[in-house]
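Structure first, then comments.
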Amino acid sequence: MKERVITGIVAAAVFIPFLWIGGLALQLLMTAIGLIAVQELLKMKKLTIFSVEGIITALATILLMLPESYLHFIPDGIDAMLLIYLEALILFVFTVFSRNDFTFDDAAASVLTSLYVGRGFYYFMQTRDIGFWMVLLVLFIIWGTDIGAYMIGRKIGKNKLAPTISPNKTIEGSVGGSIAAVLIAIVFFHYYNPLGLSMGLQIMLAVLLSVCGQMGDLVESAFKRYFGVKDAGKILPGHGGMLDRFDSTLFVMPVFHIFLHFIF
């Protein structure tokens, strides 16, 4: 636990200044984090980013991650959907010439990796473009959910939430995490509410993002359970890999933007 706390403090001390600065500095950091996450996912599938197929996956992830303003070299009419489809076609061709060393399953996993990581971090940057405090609110909801679920789960948790995937998570902890997220959102919006959200929408947003964040965590646990690994990586002592730290974020950020499109 001590190692976990120290790593968290150091990581926050590095990450928050980049988040405050935004722009190119944050984009470069998030691109680096995204590529590490790609490497972690490919490694689970027994693939490597240091291969032709891995490089194609990494390049597709970067293109899906970058804002449109960075992609002037791409002709008009080529959008994210076409990019991911082209990646799939190229990787499918590799299955023909690889003599079964690179299979259809490998190609599918690579394409999903690019889509999952690339667009997840794309919407992270889109949230930062709204403002520093807005992206911090979303992160506070994610972190508050984790802390609330852990504390309530340890105190009164009895009923398992997903025993075959993550045996330590409980329904009581999940509800406690969502309550913590609601409280954080209400306090935060009291002082900073540029979207003009009503109390009802504040609660709806907090619950939605909290549940999606928990689902993102469970999905990554399912990945690890399927591939038989404890952590996605070892880059963060006490925490695991980048994917272990950003699994909830990759789910929450796109959902946050869908929510905004529905109410505005």
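Of the candidates L250, L139, L86, which one comes out as most mobile in a Gaussian network treatment of the chain with C-alpha springs shorter than 10 Å?
Residue with maximal mean-square fluctuation among L250, L139, L86: L86.
Only residues of segment 175-194 count here: report those whose backbone N is under 19 Å from the spot 7 Å along Cα→Cβ of K155, or say none.
175-187
Relative contact order for segment 51-202 using alpha-carbon pairs under 8 Å, separation at least 6, rounded to a whole percent?
That works out to 19 percent.
Name the longest site-free stretch of the chain, where the excluded sites are trypsin sites (Lys or Arg not before Pro) in a DSSP loop with no more than 11 other beta-carbon atoms within 10 Å.
Formally, the longest exposed-site-free interval is 159-229.
Could you give the size of the charge dipole of the chain about its Cα centre, using +1 on the Cβ of each K and R and -1 on the Cβ of each D and E, expressed in debye and rounded to the nearest 20?
In total the dipole reaches around 1000 debye.
Just list whichever of K155/K230; K43/K224; K46/K160; K43/K169; K45/K224; K158/K234 have alpha carbons separated by over 21 Å in the model shown.
K155/K230; K46/K160; K43/K169; K158/K234
When the accessible area of segment 73-226 is split by element with a 1.4 Å probe, what percent falls to carbon and sulfur?
68 percent
Most mobile of V135, V93, V252 per a Gaussian network model of the chain (Cα springs, under 10 Å)?
V93
For the pair L28 and E68, how long in nm is the line joining their label points, each one 7 Å along Cα→Cβ?
2.6 nm
Using only protein heavy atoms and a 1.4 Å probe, report how much of E87 is accessible, in Å² to the nearest 10.
10 Å²
Please calculate how many Å² of accessible area segment 94-193 carries per residue, with a 1.4 Å probe and no DNA, RNA or ligand atoms counted.
Ligands and nucleic acids excluded, the result is 54 Å² per residue.
Give the calculated FRET efficiency between S198 and I6 to the nearest 0.05, with a Förster radius of 45 Å applied to their Cβ-Cβ distance.
0.65
Just to make sure I understand: if all protein chains stay in place, what is the order of F223, F262 by accessible area at 1.4 Å, largest first?
The ranking, largest first, comes out as F262, F223.
Could you run the Karplus curve 6.51 cos²θ - 1.76 cosθ + 1.60 with θ = phi - 60° over segment 140-151 and give me ³J(HN,Hα) per residue in whole Hz, x for Gly and Pro?
Working through the residues one at a time gives 4, 5, 5, 5, x, 4, 4, 5, x, 5, 5, 5 Hz.
Quote the relative contact order of segment 180-264 in percent (integer), defining contacts as alpha-carbon pairs under 8 Å separated by 6+ residues.
The value is 27 percent.
So with the 1.4 Å probe, I'd like the accessible area per residue for segment 1-56, rounded to whole Å².
With the other protein chains kept in place, segment 1-56 gives 57 Å² per residue.
For the chain, calculate the relative contact order in percent as a whole number, restricting contacts to Cα pairs under 8 Å that are 6 or more residues apart.
Contact order relative to length: 20 percent.
How tilted is helix 23-44 with respect to the longest principal axis of the chain? Cα atoms for both, answer in degrees (0 to 90, nearest 10).
In the chain, helix 23-44 runs at an angle near 70 degrees to the longest axis.
What do you get when you divide the Cα radius of gyration of segment 99-180 by 2.2 N^0.38 Å, with N the number of residues?
1.54
Determine the distance separating the Cα centre of segment 57-116 from the Cα centre of segment 225-241; give it in Å without decimals.
Segment 57-116 and segment 225-241 have Cα centres separated by 25 Å.
Which of the three applies to segment 1-61, rounded, prolate or oblate, going by the alpha-carbon gyration tensor with a ≥ b ≥ c and a/c under 1.5 meaning rounded?
Verdict is oblate for segment 1-61.
Taking a ≥ b ≥ c as the square roots of the Cα gyration tensor eigenvalues, with a/c under 1.5 meaning rounded and otherwise prolate when a/b beats b/c, else oblate, which class fits segment 64-128?
Cα axes put segment 64-128 in the oblate bin.
What distance in nm separates the simple spin-label points at I78 and D129, each placed 7 Å from Cα in the Cβ direction?
1.9 nm
Within 10 Å of each candidate Cβ there may be at most 12 other Cβ atoms; applying that plus a DSSP loop requirement, which chymotrypsin sites (Phe, Trp or Tyr not before Pro) in segment 48-142 survive?
F50, F73
Suppose only helical runs count, i.e. DSSP H with n ≥ 4. What mean residue ellipticity at 222 nm does that imply for the chain under -39500 (n - 2.57) per run, divided by all residues and rounded to the nearest 500 deg cm²/dmol?
Value at 222 nm, helices only, nearest 500: -26000 deg cm²/dmol.
Name the most mobile residue of G233, G173, G196, meaning the one with the largest mean-square fluctuation, in a Gaussian network model of the chain with Cα contacts below 10 Å.
Looking only at G233, G173, G196, the biggest GNM fluctuation is shown by G196.
For the chain, take N as its residue count and report Rg(C-alpha) divided by 2.2 N^0.38 Å.
In units of the 2.2 N^0.38 Å rule of thumb, it is 1.04.
One-quarter of the Cα convex hull surface for segment 192-247, in nm²?
Projected area, direction-averaged: 5.1 nm².
The values are calculated or read from the model by the stated rules, or taken from the named source; none is laboratory data. Source: prediction; values computed, not measured. Virtual Cβ from ideal backbone geometry, glycine too; neighbours counted across all protein chains shown. In case anyone asks, the SASA skips ligands and DNA or RNA and just uses the protein heavy atoms, side chains included. Shrake-Rupley method; radii C 1.70, N 1.55, O 1.52, S 1.80 Å.
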